[in-house]
Each structure stands twice: as C-alpha cells, then as structure tokens.
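One structure is given here, and the rest of the page talks about it.
The values are calculated or read from the model by the stated rules, or taken from the named source; none is laboratory data. The structure presented is a predicted model; accordingly, all values stated were derived computationally and were not measured. Here Cβ is always computed from backbone atoms with ideal geometry, including for glycine, and neighbour counts include all displayed protein chains.
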C-alpha cells in the first residue's frame, strides 16, 4: 500500500463483497471469446484475494456464478464450471499457505456431483484457516437464498420449534448462507454498471455501494485501494442522523 493510501485508510472494512463484472466486454474489445475473458477474470480473482489479505480485509465475498447465469449459452456455462474445477485444483495449496478459508455460498441444486465434491473438498482442506475468509457465491441468487431461508423457518414453525410470533431479523440472518459472517460494509461492482444483480439482497441493506469503471480482468490492488479511499470518505449513518 502506498504511503498516501496508508494515511487515508486507518481501519479497513471487515467484509467487502464484489460483483465481478466485465469479463465479456473485456474479451470482446480484444476480439476474443467470452471464455477467454472469464479465464482472465480468474487471474483478477487471484490478485484480488492477495490484495484483500494485504489490506486487512477479513471477509471477501465474490459473485462468481448466479442462478440467472444458467440462461447463458451451454458452452459458456461449461467453461465457467471448468474454471471452478481448475481454480480448486491449482489454488488450494496456495490458499492454505496464505491462511485463506474458502466457503461456497449458494444452492447445490443443479450442480454436477464432481462439482459438489470439489466444493466440499476445498472447504474441508481450508477449514482451519482464519487470516481471510473467501466466500465464493456460486449458483447463488439473493432471492433464492431468501426463499430457502424462509422455507427453513417455516419448517421450524410447522414442527413447533419456533412460534410464528417470535420470528425476528436475527432468525432470517441465521438461516442465510452468510450466517457465519457480518454483513458487508462495502459492496463493490466493476465495469461501471450500477445494480445489485440479485446479490446479497438482505445483507447489503446498509452497505456502501461503490462502482468502478474498470472491467474485472483489469482489476488490480490499486483499484481495491481506490475503492477503500472512496469508502472512507462516505458518512455511514445507517438510518441515523449525520454529524
């Protein structure tokens, strides 16, 4: 981190969530396939994870494959799944050495058995790490997550474990994929697009939303630092009254 940045940032957000956007446009600008852009995007993920650790981020959640992405061409979906397979097989040792614990958020529905095995394996192999919690939102959708949480709560009410009148925000939070971590203080999106795209809908209620014009494959540690500087210039009232 540069001396200027170190002076500006005194306390990094505990949890940063990132909507990684722009792989396709990055590839198109180079007259390459979307798969080429996704491969470059994985390299940006590696840089981002390393930067997050260096910057003192404790939780990093990245949006990798959404429930809506099943609508994409079959070839692109296969390429994305192969990238996940490659990432798990080639990066697990590096992640363990760097103290990174991996969790995969989202539904296991529609996932091939070998993908589920890979997910279970990387979660198991990194479960003792605590320097950085890397959460990969894969086959994830905010609405789907809320439906799954509501269904679980409804089952508890039906079975008599919980009273209907006792349901609280805490109950909802505890049934989400992210129950083990704090809500993100910062949601960052690349590529200049200004929407949440069904990402962490409940958890981002009071998150600061920052958009960078950089396409995801070009994302570097400097862009991460720039986003943090913007974050610290914000006044976070969270429904209260500002100074």
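Descriptive notes on the structure:
- Taking the conditions (1) without any contact (Cβ under 8 Å) to a residue 60 or more places away in the chain; (2) within 30 Å of residue 68 (Cα to Cα) in turn, residue 218 satisfies each one other than (1).
- Among residues of the range 87-114 that are at positive phi and surrounded by 16 or more Cβ atoms within 10 Å (Cβ to Cβ), those with a Cβ under 7 angstrom from a residue that is modelled with pLDDT of 95 or more and not in a loop (DSSP other than H, G, I, E, B), sequence gap 6+ or separate chain, pair up as 106/137; 106/138; 106/139; 106/140.
- Candidates 137, 179, 205, 149 - the one that is without any contact (Cβ under 8 Å) to a residue 60 or more places away in the chain and surrounded by 18 or more Cβ atoms within 10 Å (Cβ to Cβ): 149
- Lone qualifier among 101, 148, 108 - being within 26 Å of residue 187 (Cα to Cα) and in a helix (DSSP H, G or I): 148
- Residue in the range 125-133 that is out of contact with any helix residue (DSSP H, G or I) (no Cβ under 7 Å at 6 or more places or on another chain) and touching a residue at least 40 places away in the same chain (Cβ under 8 Å) present: yes
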